[in-house]
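Only the coordinates and a few stated rules stand behind these numbers; no lab work does. Worth saying up front: this structure is predicted, and the values here are computed from it rather than measured. Methodologically, a virtual Cβ is constructed for each residue, glycine included, from the backbone with ideal geometry; neighbour enumeration extends over all protein chains shown.
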Amino acid sequence: MPHRKPRGLNGVVRIGMGSLPPEFLPMVLPDEKPSIEKRIAQGAHRELQRIGSSIWPANAYLHPACEASWDFELRELEAKSLCGFVELAEIAPRELMHSGYEGAPACHRVGEFADAIMALIDAKSAHYGIRGKSNLHLLLYVTHFAFKPNEAVWHCVRHELSRNRIGRGFKSVCGFMEIDEHTGILEELYPAPRGKHLSSVAATLGLRRQVFFNFDPRQAISIEGNGVMFRL
């Protein structure tokens, strides 16, 4: 029997009108890891195309990898020739998973969480023995609300990846969180996209000291005026 891959809790909160309470609509992922990663990769590819990004080849499509070394291949639409590879990695820091997803903390210091993401990136880079520029694209993804990086975390990761100008050897690095089967939030981390200006070292150090909290979407309650707040 296929092994069911553990995954976190995520989804959207639908605001009720009038006296109707807010409703949590959980994200429902497939059971098996290959199916989960296929859906995540397709969602990220769709978002990259929607925003007009070219960090993955614009004329390419995702194809299951012919070798076990990586997750997907990027192939040109016309010639069907190989033009890149995609590897996925879930943001679920091992040091925060002692009690599983349900017991994972939702409050984080920006610098520590950014460091955990960089450790994940470095582990993938070391696994593939990357020494310089490669044709491998890294896609980080989130399945649990408590592990959703905020903008300050993404900024610190971009800053670190840009320091040696080779993105730890990856052709590109992106972050993706699915909202539902058709939409998601995508962050281009390396190369940094236009408009995402990298701050000075001093400003980045200031960001690293900040603390952020991810609210549990199951704890949404109505407030007057069709608003929503979250119980801690």
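Points to keep in mind about this one:
- Here the relative contact order of the range 149-194, from alpha carbon pairs under 8 Å that lie six or more residues apart, stands at 38 percent.
- Computed from the alpha carbon atoms alone, the convex hull of the range 13-74 holds 106 Å³ per residue.
- Listed residues LYS80, LYS148, LYS171, most fluctuating in the chain (Gaussian network, C-alpha, under 10 Å): LYS80
- Relative contact order of the range 82-181, defined on C-alpha pairs under 8 angstrom at six or more residues apart (%): 39 percent
- By the Cα gyration tensor, the range 53-173 has an equivalent ellipsoid whose semi-axes, rounded to whole angstrom, run 28, 16, 13 from largest to smallest.
- Only Cα pairs under 8 Å and 6+ residues apart enter the sum, and on that basis the relative contact order of the chain stands at 24 percent.
- Cα-based equivalent ellipsoid, the chain: semi-axes from gyration tensor eigenvalues, Å: 30, 23, 18
- Rounded to 5, percent antiparallel among DSSP beta bridges of the chain: 70 percent
- Modelled spin labels at ILE223 and ILE51, positioned 7 Å past Cα toward Cβ, are 2.9 nm from each other.
- Of GLY52, GLY195, GLY16, the one that fluctuates the most in a GNM where the chain has Cα springs shorter than 10 Å: GLY195
- Base-10 log of normalised Debye intensity for the range 106-232 (one unit scatterer per alpha-carbon) at q = 0.11, 0.18 Å⁻¹: -0.44, -1.03
- Estimated from the Cβ-Cβ distance and a Förster radius of 35 angstrom, the FRET efficiency linking LEU77 and ARG163 is about 0.50.
- Here the translational diffusion coefficient of the range 84-143 follows from Stokes-Einstein with Rh set to the Kirkwood radius across Cα pairs; for 10 °C and 1.306 mPa s it amounts to 123 µm²/s.
- Dipole axis of the range 135-189 (+1 Lys, Arg; -1 Asp, Glu on Cβ), positive-most option in GLY184, SER162, SER172: SER162
- Charge sum, other residues only, whose C-beta stays under 10 Å from ALA116's C-beta, Lys/Arg counted +1 and Asp/Glu -1: -2
- Three semi-axes of the equivalent ellipsoid, the range 33-107, Cα gyration tensor, whole Å, largest first: 30, 15, 9
- The distance between label points at SER99 and VAL201 comes to 3.9 nm (points 7 Å beyond Cα on the Cα→Cβ vector).
- Each of PRO30, ILE221, GLY195 was placed along the dipole of the chain (beta-carbon charges, centred on the mean Cα), and the one lying farthest toward the positive end is GLY195.
- Most positive-pole-ward Cα, PHE147, ALA60, ALA79, against dipole of the range 32-155 from beta carbon charges: ALA79
- MRE, 222 nm, helices only [DSSP H, n ≥ 4, -39500 (n - 2.57), over the chain, to nearest 500]: -8000 deg cm²/dmol
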